[in-house]
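All remarks here apply to the structure that follows.
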Amino acid sequence: MTATTTRAVRERSLVGPPRRPRGTGYLYVLPAFLVYAAFLLYPLARSVQISFYDWDGLTLGRWIGLDNYADVLRNDDLRDAFGHALVLMVFYALVPLCVGLVLASILNRAKVRGLSFFRTVVFLPQVIAMVVVAVAWRRIYAPDGPLNSLLHAVGLGSLTRAWLGDYGAALPAVGFIGTWFETGLVTVLLLAGMSRISPELYDAVRLDGGGPVREFFAVTLPSVRGEIAVALTLTVIAALRTFDLVYVTTRGGPGTSTSVPSYEVYHRAFELGKVGSAAAIGVCLTIIIFVISFAITRVGDRDSTS
Amino acid sequence: MISRAERSANYVILVLFAAFALAPIGTVLAAALGPDDAPGSGSGSAASIAGLHVGNFATAWHVGHFGTYLRMSLLVSVFVVTVSVILSILSGYALGTMRFRGSTLLFYAFLLGIMMPSEAIVVPLYFDLRTLGLTDTFWAVALPQVAQSVAFGTFWMRAYFRTSSRALVEAARMDGASTRTILWRVLVPIAWPAVVTLIVLTFMWTWNEFLVPLVMVTAESLRTAPLGLAFFQGQYTQGFTLLAAGAVIVATPVALLYLFLQRKFISGMLEGAVRE
């Protein structure tokens, strides 16, 4: 206490611009922090608290300790839901990253005209409400929809099916929608990174007699590690937070073949009356997202500095 | 160095990729502008201009109550954007330019909210707001989104104010400008591009939000546009035309804004993720 007072006195006595009154900083942060604490931090704490109870949302809850968390590991439906999230990660993150790397490095090599128009077009899926995206793809995947018509037209009629109603096809079908809207984002992000690479680096490889493939692995790939880390963080988190899409396209079905953690949170809390379990899944989801974004950022940082 | 063949191959790739990105959107647009495929509606029933059945939008607007939903979405978006941007400017200013005890801790607290999924908070929020009698109100939809937007907004404005000219602030202070004057008369005018980006992103996220309104609201008059569309899709099963028209109506406000301010959207969404 005395230490801060003396420091304040000393600071005020220094020659310089007049100091602002003490506490101003708090005053400026306060309004934002109050709303934030009331509608985000407090609910998060409540989520943790509720996750220790067996509660149906109406009657008095019963303390069950970590049982809801043990369920996440033990319960088949929940384990499946997290497994489905992993599959979605392949479609949301891995496929767009591979496609994006190839596309961006090809486009970066030859400066083509119309690139900014192209950027606008492929980024468009990012700004459209997921419900609208889901409505569009439900139509595409419908038994009498454009995808099946296309397959018939090219003589692959045997492959046609009700894509979102098929046990084997529904999850990849939902995942492919993710590939569709994440590929543009990843490509634009990588293009921005590649445009900053100095042309001399490429010249050096060419002088050594290296072709496009050498260029890619020796120059392009190491230069965009930071962008790759950002792209992975964004898309992996998007995969884990898939809710709107599943809610509108499949509602987790057929059976539980497309249930994902986000959907389970909603389904359990508001349809099954397992509020404690829903809260536990929400908390797990938050922890997983934190760990993943932290880990990817770390790896990206270390690689780019070494 | 780059051959003509490679260059034309690049154009082919560009066109194919753009077509892939546009195809689903084109499917919806084409259906919305085509003849109504619902049984019982004569193909000439809706008004058409140059073969495009624009009357579908009027029919969908009427049948799907999109007027009500768009009004709610507009109210929520304007409220969330206005409140959260002002609060973010204030808190970003304090965390970016002032040093006080706990400022780092406060910053990390806000950072937590950027990554936190809505799924983690929506469950207790619903039950606590129900106890307070606040579910099924405008506030239950708007305030949680203000909190989420303030987290990103504080982070965004702080990053901007930290890099803004220190010399300018010092000069203004020497001239006897108060802390408040420095913010609104000196810093905000310079930061205006960053503020516009924040407005645009917050508007888009709020307009497109689905889970919060889905959980908080049962009254039809309080449904936002995406929520209204989801319910319309569940109830209207006669055909795809009107559903497509509804989807176009819901997507248009953000899509239009994107066409005019696409640079802000793209740079904002990419930088927002890169800055750490």
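The values are calculated or read from the model by the stated rules, or taken from the named source; none is laboratory data. Every value quoted in this text rests on a predicted model; they were computed, and no experiment measured them. A quick note on method: Cβ atoms are made from the backbone with ideal geometry, for glycine too, and the neighbour counts reach across all protein chains shown. For accessibility, only protein heavy atoms count, side chains too; no ligands or nucleic acids. Shrake-Rupley method; radii C 1.70, N 1.55, O 1.52, S 1.80 Å.
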* Asked: What list of ³J(HN,Hα) values in whole Hz, one per residue of segment B:226-243 in order, does the Karplus curve 6.51 cos²θ - 1.76 cosθ + 1.60 (θ = phi - 60°) give from phi, with Gly and Pro shown as x?
  -> x, 5, x, 5, 4, 5, 4, 5, x, 9, 9, 10, 6, x, 9, 4, 5, 4
* Proportion of all alpha-carbon pairs of chain A beyond 26 Å (%) -> 62
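Suppose a student asked you for the relative contact order of chain B, using Cα pairs under 8 Å spaced at least 6 residues apart; what percent would you report? Present the calculation step by step, with values, prior to reporting the outcome.
Values: 282 pairs, mean separation 86.8, N = 276.
That works out to 31 percent.
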* Solvent exposure, largest accessible area first (probe 1.4 Å, DNA, RNA and ligands not counted), of B:Ser118, B:Ser3 -> B:Ser3, B:Ser118
* Starting from the residue with the highest accessible area, list B:His62, A:His84 in decreasing order, probe 1.4 Å. => B:His62, A:His84
* To do: Once you have the Cα-Cα distance between A:Asp203 and A:Leu60, take 0.36 nm times their residue separation minus that, and quote the gain in nm to one decimal.
  => 44.3 nm
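How would you rank A:97-110, A:168-181, highest first, on the average number of other Cβ atoms within 10 Å across their residues? Walk me through the numbers before you get to the answer.
Working: A:97-110: 19.3, A:168-181: 21.0.
Top to bottom by mean Cβ count within 10 Å: A:168-181, A:97-110.
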* Asked: Each residue of segment B:121-133 in order: what ³J(HN,Hα) in whole Hz does its phi give by Karplus 6.51 cos²θ - 1.76 cosθ + 1.60, θ = phi - 60°, with x for Gly and Pro?
  -> 10, 5, 5, x, 4, 4, 6, 6, 5, 5, 4, 7, x
* To do: On the full set of protein chains, 1.4 Å probe, figure out the accessible area of A:Arg251 and give it in Å² to the nearest 10.
  => 120
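Show me the ranking of peptides A:187-199, B:253-265, A:263-275 by mean Cβ neighbours inside 10 Å, starting with the highest.
Working: A:187-199: 18.2, B:253-265: 16.5, A:263-275: 21.5.
The densest-packed peptide leads the list: A:263-275, A:187-199, B:253-265.
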* Asked: How much of B:His65 can a 1.4 Å solvent probe reach, expressed as accessible area in Å² and rounded to 10?
  -> 90
* Structure fact -> Phi-derived 3J(HN,Hα) across segment A:277-294 with the Karplus relation (6.51, -1.76, 1.60, θ = phi - 60°), rounded Hz, x for Gly and Pro, is 5, 4, 4, 4, 5, x, 5, 4, 4, 4, 4, 4, 4, 4, 4, 5, 5, 5
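In whole percent, what relative contact order does segment B:74-234 give with Cα contacts below 8 Å and a gap of six or more residues?
About 37 percent, as a whole number.
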* **Shape call, chain B: gyration tensor on alpha carbons, a/c limit 1.5** => oblate
* To do: For segment B:82-165, state the semi-axes of the equivalent ellipsoid (square roots of 5 times the eigenvalues of the alpha-carbon gyration tensor), sorted largest first and rounded to whole angstrom.
  => 28, 13, 10
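What does the average come to when, for each residue of peptide B:109-117, you count the partner chain Cβ atoms lying within 10 Å of its Cβ?
Numbers: counts 6, 6, 0, 6, 6, 1, 8, 10, 12.
Average neighbour count from other chains, rounded to a whole number: 6.
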* Asked: How much of B:Met116 can a 1.4 Å solvent probe reach, expressed as accessible area in Å² and rounded to 10?
  -> 10
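Which order do you get for A:Trp55, A:Trp63 if you rank them by accessible area with a 1.4 Å probe, largest at the top?
Details: A:Trp55 50, A:Trp63 155 Å².
Accessible-area ranking of A:Trp55, A:Trp63, largest first: A:Trp63, A:Trp55.
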* Structure fact -> Expressed in nanometres to one decimal, the distance between label points 7 Å along Cα→Cβ at A:Leu30 and B:Val12 is 6.7
* Sequence-distant residues sharing a close amide H with A:Tyr53 (under 5 Å, placed H) -> A:Ile64
* Hey, if you drop one equal point scatterer on each alpha-carbon of segment B:74-234 and run the Debye formula without solvent, what base-10 log of I(q)/I(0) do you get at q = 0.11, 0.17, 0.18 Å⁻¹? -> -0.52, -0.99, -1.06
* To do: Please tell me the relative contact order of chain A in percent, rounded to the nearest whole number, where contacts are Cα pairs under 8 Å and at least six residues apart.
  => 27
* Using a 10 Å cut-off on Cβ to Cβ distances, tally the other chain neighbours for every residue of A:43-51 and report the average as a whole number. => 5
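Over all directions, what mean area does the Cα convex hull of the protein assembly as shown project, stated in square nanometres?
Values: hull surface 132.8 nm².
For the protein assembly as shown, the mean projected area of the Cα convex hull comes to 33.2 nm².
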* To do: Evaluate peptide B:16-29: per residue, the Cβ atoms of other protein chains within 10 Å of its Cβ; return the mean as an integer.
  => 6
* Can you tell me the FRET efficiency between B:Met115 and B:Val188 if r is taken as the Cβ-Cβ distance and R0 is 30 Å, rounded to the nearest 0.05? => 0.65
